[in-house]
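The values are calculated or read from the model by the stated rules, or taken from the named source; none is laboratory data. The model shown is predicted, which means the values in this text are computed figures rather than measured ones. Glycine gets a Cβ as well: all are built from the backbone with ideal geometry, and neighbour counts include every protein chain shown. We work out accessible area using only protein heavy atoms, side chains counted, and drop any ligands, DNA or RNA first. Shrake-Rupley method; radii C 1.70, N 1.55, O 1.52, S 1.80 Å.
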Amino acid sequence: MSPQDKLVIALPKGRILDEAMPLVRAAGILPEPAFDDPKSRLLRFATNHPHIDIIRVRSFDVATFVAFGAAHLGVAGNDVLMEFDYPEIYAPLDLGIGACRLSVAEPDDLAASDDPRRWSHVRIATKYPEVTRRHFAARGVQAECVKLNGAMELAPSLGLCTRIVDLVSSGATLKANGLKEVEVLAEVTSRLIVNRAALKTRPDEMTGWIEAFRKACGG
Ligand code: PRP
């Protein structure tokens, strides 16, 4: 089999990976030892299936690899899917992992007297400018977004933006940075995502793996 014919599964780096791997293994896909070696600089890994490779990329890039057909399957949160809204991606299965929410937060002292229903214009630091703009536009609020790729929580104290939109899980990061969650935009979990064209051209293989993941997460 040539490398181009391999089935490629894109997994997100970071904390979701720890929750995703038990499902990947339960579905019968076991990566080569280098996958679990923190010193390895490999980005693409062989598995116990000679025709399946795993790639490990940033969570936003999982969706991009799958949308362009460079990877066939992937694991991505609905936060990422909402931001990109790629028509080439089909998300058939909620894996029930990575539960968190996408929320607006602002400094504690402002939150004490603020009422989000009275906003007409907000300036927001976020990794999710599209979702944020859409969310506020739907209720007539103009959201001016400043795109950051991480550490959004720094923006209010340094005067970049009064508010942020970011993922909140335990709430510890907000608390440690003097911020309060004031509005939830979306509940988030990770989904199994597939490239629609691959589903058409390799239907048996693709539906087989979707079903294997469905069983692995008890569905
Ligand atoms: C996410 C998010 C927050 C934090 C929230 O970042 O961007 O900073 O987790 O979690 P908490 O409510 O439990 O404190 P993550 O650590 O995933 O890294 P990232 O900034 O690279 O996205």
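Please list, in order along segment 197-204, the HN-Hα scalar couplings obtained from phi with the Karplus expression 6.51 cos²θ - 1.76 cosθ + 1.60 (θ = phi - 60°), rounded to whole Hz, x for Gly and Pro.
Karplus-based 3J(HN,Hα) across segment 197-204 equals 5, 5, 5, 7, 7, 10, x, 5 Hz.
With each pseudo-label sitting 7 Å past Cα toward Cβ, what's the Thr173-Ala46 distance in nm, one decimal?
3.7 nm
List every residue whose amide H lies under 5 Å from the amide H of Val75, counting only residues 5 or more places away in sequence or on a different chain, with H placed 1.01 Å from N in the peptide plane.
Close amide H contacts, sequence-distant or interchain: Ala10, Ile193.
I need the per residue convex hull volume for the chain, using only the alpha carbons, in cubic angstrom as a whole number.
134 Å³
Tell me, what is the per residue accessible area of segment 139-194 in Å², probe radius 1.4 Å?
Per-residue accessible area for segment 139-194 comes out at 50 Å².
Taking all protein chains as present, what is the carbon and sulfur share of the accessible area of the chain, in % to the nearest whole number, probe 1.4 Å?
The value for the chain is 53 percent carbon and sulfur by accessible area.
Ordered by residue, what ³J(HN,Hα) values in Hz, to whole numbers, does segment 132-141 give under the Karplus form 6.51 cos²θ - 1.76 cosθ + 1.60, where θ = phi - 60° and Gly and Pro are x?
Couplings: 5, 4, 4, 4, 6, 4, 4, 10, x, 9 Hz.
How much net charge surrounds Leu43 when only the other residues with a Cβ under 12 Å from the Cβ of Leu43 are counted, with Lys and Arg +1 and Asp and Glu -1?
Taking every Cβ under 12 Å from that of Leu43, the sum is +3.
Kirkwood-based Rg over Rh for segment 100-187 (C-alpha set), two decimals?
Answer for segment 100-187: 0.91.
Can you spot the lysines whose alpha carbon is less than 24 Å from Lys39's alpha carbon? Ignore those fewer than 8 places along the same chain.
Cα-Cα hits under 24 Å: Lys13.
When the chain is fully extended, how far beyond the present Cα-Cα distance does Arg15 get from Val141, taking 0.36 nm per residue of separation?
Additional length available on full extension: 42.0 nm.
Could you compute the net charge surrounding Gly178? Neighbours are other residues with a C-beta less than 15 Å from the C-beta of Gly178; K and R count +1, D and E count -1.
Within the 15 Å Cβ shell, the charges total -4.
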